[in-house]
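Single-structure report; data block below.
Nothing in this text is a laboratory measurement; each read-out follows from the coordinates by a stated rule. The shown structure was predicted, so the numbers you read here are calculated from the model rather than taken from an experiment. FYI the Cβ positions are ideal-geometry reconstructions off the backbone, even for glycines, and counts take in every protein chain you see.
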Amino acid sequence: MSKLLSIIVPCYNEEETVEPFYREIQKLESFFIQEEIRIELIYVDDGSRDQTLARIKELRMEDARIRAISFSRNFGKEAAIYAGLEHAKGDLVVLMDVDLQDPPHLLPEMYRHIKEGFDSVATRRVSRKGEPPIRSFFARAFYKIMHKISKTEIVDGARDYRLMTKQVADAILSLGEYNRFTKGIFGWVGYKTKWLEYENIERTRGETKWSFWKLFLYSIDGMIAFSTAPLAISSFFGIVFCFLAFLLIIVTIFRKAVYGDPVSGWPSLVCIISLVGGVQMFCVGILGQYMSKTYMEVKKRPIYLVKEEL
Ligand code: UDP
Ligand code: MG
């Protein structure tokens with residue numbers, strides 16, 4: 001029996017890459033025929049301000065298997081992935097970037113592993129070739145910290161490029177949270193996952209949508225979404241400072257009783273007050289982060305809004 005494969009491609013200002021991507025998919029046609037796979041190609045236009053949607057419409061004239069969902073504004077890649085999964089009708093679903101950094105030629109191999117019985121086939125890049133060194137450094141640090149503070153497995157270099165069964169896709173959809181950190185969600189849902197590795201491929205057309213600052217904020221989102229360890233930091237500081245204060249009290253009483261020292265030292269007092277004040281603000285800040293995320297969750301706003309569906 002033939003299977004339907006949904007290919008989900010989030011696009012944000014990608015007028016240059018929409019078509020080359022489709023041409024690459026076309027190159028797999030013989031594989032699809034051989035394996036009796038029907039495909040649907042779902043482009044999710046994440047509120048692009050350029051000609052992305054127009055390009056997709058042109059391609060649709062050529063190939064009726066192309067579908068499009070267009071958002072009312074830019075909601076982010078996580079929202080685009082969610083929308084794609086919701087609209088996918090396939091028995092199998094694959095998520096792919098439109099910039100060809102997720103090489104479509106890996107699909108036949110991924111499919112083979114699904115046939116072997118894996119529920120999901122994930123990819124990770126083993127190198128970060130062509131990436132600025134500071135960015136790689138911070139990315140590595142992020143994964144190290146995450147590994148320590150979260151029980152959910154978040155793999156270094158993992159891409160969102162994944163082929164999965166309908167069952168896994170539904171599991172991902174069942175996590176209806178507003179703050180979506182997909183890399184963590186994949187790990188959280190589990191299932192039998194096969195990892196494929198490949199060398200990083202640089203983007204050839206268009207440009208990356210991620211500035212350093214955006215990535216930094218995203219990493220904080222990830223930590224808050226998949227760990228509550230930062231909340232424990234304030235308790236930790238609390239205990240340490242109580243202990244220090246206790247020692248100081250004893251030392252001060254001792255000095256007064258034995259040496260009759262006058263109570264002196266407002267410089268040390270200022271140091272202590274500013275240190276403790278700083279630590280307090282830091283802890284309140286962490287609390288605030290969790291609270292703001294909770295606030296967004298309880299509002300239960302939709303993850304995305306559709307303007308046009310084709
Ligand atoms: N993307 C999106 N919405 C956004 C940002 C990015 O749908 O707000 C899409 C983008 O079009 C691309 C994929 O997400 O298909 C990955 O983006 P990009 O290549 O810029 O990220 P990088 O590969 O540099 O991490
Ligand atoms: Mg890219």
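For the pair the range 250-306 and the range 137-176, the centres of their Cα atoms are 32 angstrom apart.
Peptides 161-169, 275-283, 54-62 ordered by packing proxy, namely the average of other Cβ atoms within 10 Å per residue, highest first: 161-169, 54-62, 275-283. Normalised by the number of residues in the chain, the average gap of Cα pairs under 8 Å and 6 or more apart makes the relative contact order 22 percent. State the number of lysine pairs found in the range 193-310 whose Cα atoms come within less than 28 Å, restricting to pairs 8 or more positions apart or on distinct chains. Step by step, the pairs that qualify in the range 193-310 add up to 10. Shown in residue order for the range 40-46 are the 3J(HN,Hα) couplings computed by the Karplus curve 6.51 cos²θ - 1.76 cosθ + 1.60 at θ = phi - 60°: 10, 10, 9, 8, 9, 7, 7 Hz (x for Gly and Pro).
For T123, the residues whose amide H sits under 5 Å from its own are R159, Y161, L196, ignoring neighbours fewer than 5 places away on the same chain, with H placed 1.01 Å from N. Placing +1 on the Cβ of every Lys and Arg and -1 on the Cβ of every Asp and Glu, with nothing else charged, gives the chain a dipole about its Cα centre of roughly 1060 debye.
Largest GNM mean-square fluctuation across T193, T228, T152, computed for the chain with C-alpha springs under 10 Å, falls on T228.
Based on Cβ point charges of +1 for Lys and Arg and -1 for Asp and Glu, what charge dipole magnitude is obtained for the range 233-310 about its Cα centre, in debye rounded to the nearest 20?
Working: 7 positive and 4 negative charges, 27 e Å.
Roughly 120 debye for the range 233-310.
Compare the Cα positions of S235, P302, A122 along the charge dipole of the chain (+1 at Cβ of Lys, Arg; -1 at Cβ of Asp, Glu; about the Cα centre) and return the one farthest towards the positive end. Most positive-ward Cα: S235.
The equivalent ellipsoid that matches the C-alpha gyration tensor of the chain spans semi-axes of 50, 20, 18 angstrom, in descending order. One chain, two ends: I250 and F138. Fully extended at 0.36 nm per residue, the span grows by 36.0 nm beyond their Cα-Cα distance. DSSP assigns beta bridges within the chain; of those with both partners inside it, close to 30 percent run antiparallel.
Length gained on full extension, E177 to E309, computed as 0.36 nm times the residue gap minus the Cα-Cα distance: 45.2 nm. Candidate cross-link partners of K89 among the lysines, defined by an alpha-carbon separation under 18 Å and a same-chain spacing of 8 or more, comprise K3, K166. Dipole magnitude for the range 105-171: computed about the Cα centre from +1 point charges on Lys and Arg Cβ and -1 point charges on Asp and Glu Cβ, it is near 320 debye. Whole angstrom only: what separates the Cα centroid of the range 1-76 from the Cα centroid of the range 194-245? Result: 31 Å between the Cα centres.
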